[in-house]
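The values are calculated or read from the model by the stated rules, or taken from the named source; none is laboratory data. Small disclaimer: the values here were computed from a predicted structure and weren't measured. Neighbour counts are summed over all protein chains in view; Cβ atoms, including those assigned to glycine, are modelled from backbone coordinates with ideal geometry. Side chains are part of the model used for accessible areas, which takes the heavy atoms of the whole protein and leaves out ligands, DNA and RNA. Shrake-Rupley method; radii C 1.70, N 1.55, O 1.52, S 1.80 Å.
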Amino acid sequence: MSETPSSTPAKPLIRLTAEQRSTLESLLAGRTDRLILRKEDPFLSVEQGSDVDILCRFPNKAKQEILNRLGAPVWIARRSYVTSFFYDWCHLDIMPSVEWWGASFLSNERLFGASRAGQFVIRRPSLADDALIVWFSSILWGGFFKETYRPAILEAVAQDPIGIESGLTEAFGPALGNELWCMAQSERFQDAVLLKSRLRKTLWLRQFTRQPARTLWSLARFFWAELCLTLRPPMPMIAFFMTEGYDVQSLLRELTARPSRTLLGFSSIPYNQQTLKPWVYWRRIARTRAKNKIVVITQTSAAFLQNALNQRQRPLNFLNKIFSGGTPRPDLFFVIMKNAQDHEGLAVIERLSGACILDGSKSPQELADIVLLEIHKLLKARTSESYVL
């Protein structure tokens, strides 16, 4: 099965309105039970398209307050370690702890106990704790080091070496902590990537030894949340059907190039007989959807609509055969009509639930507008149905 690489759309820059800024400030300013991680200025982060990471002592209370103040988002992504709210103008991440696979990296007691007042009376972790979070979060989860955070880590090593050293020891123990401290002193932060497997194993085993029941429960919650995302991903799977000769790649390029604050990317897969077989779907497509990407299945067949003239039920049977056998059905069908005679098959196509007819004579830009509108309508409808947390 051939597959195009997933792409993440750029985030458009915006200017916060006075009302938006006031609403965001009411969620953060003066709150001793909430810390802003990584970025000092959450308002600038929002305007630049970055997410705002909020560590909360009472995450459910924070989630409900977001819904009450901001209303229903375009969509919500729920994982055990973070709940993400995607609005047209901002992306908020609510975190109950800083962890990896259920193992706390730095305890909430430490993070809140050593917190400081940042800009706009918004609480921040200590300089050292914030540096440790940005240093190791990408290594533990993704196996890479983010160079953009090097200045923040350098500042913390220079101004709070005791905090850095104690945090490394708390998370990874004396031996590995000392090895990492030597890396920090020589500014070799990227070298920690070479130790990623050892870091993960040490962190998890130390937390399990300290709090076995809590760590096992958190691990079970992690796997359950990931399973739910695989079985019921929040982002839709869509299908494009078109006659031979239509350049669907132009439309796909337009979709992936559009800046977006709510969509995390598209992954395009040309359909063949194996694409939606259960073993292929659950092994490849489901994993992509669990990463909150929109999977686009494309089917080009000159005979697809023409067959509707002779065997009116055949297209429906064809679709039923494809989207059965333990694999989910696409949430949206986009049928691109390129020639006038194509419209003779409309009677059959219109019987497909979720089908949208597109005029192939229009530009890719115009069609992308329609596709994105339909996707957002579907996401908002789903979110409204599950408004209760």
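Comparison of Phe85, Phe43 shows that the only residue that is under 20 Å from the mean Cα position of the chain (by Cα) and open to solvent by less than 60 Å² (accessible area, probe 1.4 Å) is Phe85.
Pairing residues of region 353-374 that are within 13 Å of Arg258 (Cα to Cα) and in contact (Cβ under 8 Å) with a residue 12 or more places away in the chain with residues that are charged (D, E, K, R) and open to solvent by 40 Å² or more (accessible area, probe 1.4 Å), at Cβ distances under 7 Å and at least 6 apart in sequence or on separate chains, gives Ala368/Arg258; Leu372/Arg258. Of the numbered criteria (1) touching a Leu at 6+ places or on another chain (Cβ under 9 Å); (2) at pLDDT below 65, the one Phe334 fails is (2).
Okay, residues lined up against (1) open to solvent by 80 Å² or more (accessible area, probe 1.4 Å); (2) part of a helix (DSSP H, G or I); (3) under 30 Å from Asp359 (Cβ atoms):
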| residue | (1), (2), (3) |
| --- | --- |
| Gly167 | no, yes, no |
| Glu170 | no, yes, no |
| Lys201 | yes, yes, no |
| Trp217 | yes, yes, no |
| Cys228 | no, yes, no |
| Phe241 | no, no, yes |
| Glu244 | yes, no, yes |
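Hey, does region 53-67 have a residue that's polar (S, T, N, Q), surrounded by fewer than 20 Cβ atoms within 10 Å (Cβ to Cβ) and out of contact with any Phe, Trp or Tyr (no Cβ under 9 Å at 6 or more places or on another chain)? Yes; the residues of region 53-67 include at least one that is polar (S, T, N, Q), surrounded by fewer than 20 Cβ atoms within 10 Å (Cβ to Cβ) and out of contact with any Phe, Trp or Tyr (no Cβ under 9 Å at 6 or more places or on another chain). Just wondering, is there one or more residues in region 91-109 that are in a helix (DSSP H, G or I) and touching a Gly at 6+ places or on another chain (Cβ under 8 Å)? No, region 91-109 contains no residue that is in a helix (DSSP H, G or I) and touching a Gly at 6+ places or on another chain (Cβ under 8 Å).
Could you look through region 268-320, keep only residues that are assigned to a helix (DSSP H, G or I), of a type in the set (D, E, K, R) and open to solvent by 40 Å² or more (accessible area, probe 1.4 Å), and pick out the one that is modelled with the lowest pLDDT? This residue is Arg314. The numbered conditions (1) out of contact with any His (no Cβ under 9 Å at 6 or more places or on another chain); (2) touching a residue at least 12 places away in the same chain (Cβ under 8 Å); (3) of a type outside the set (Phe, Trp, Tyr) are all true for Ser50 except (1).
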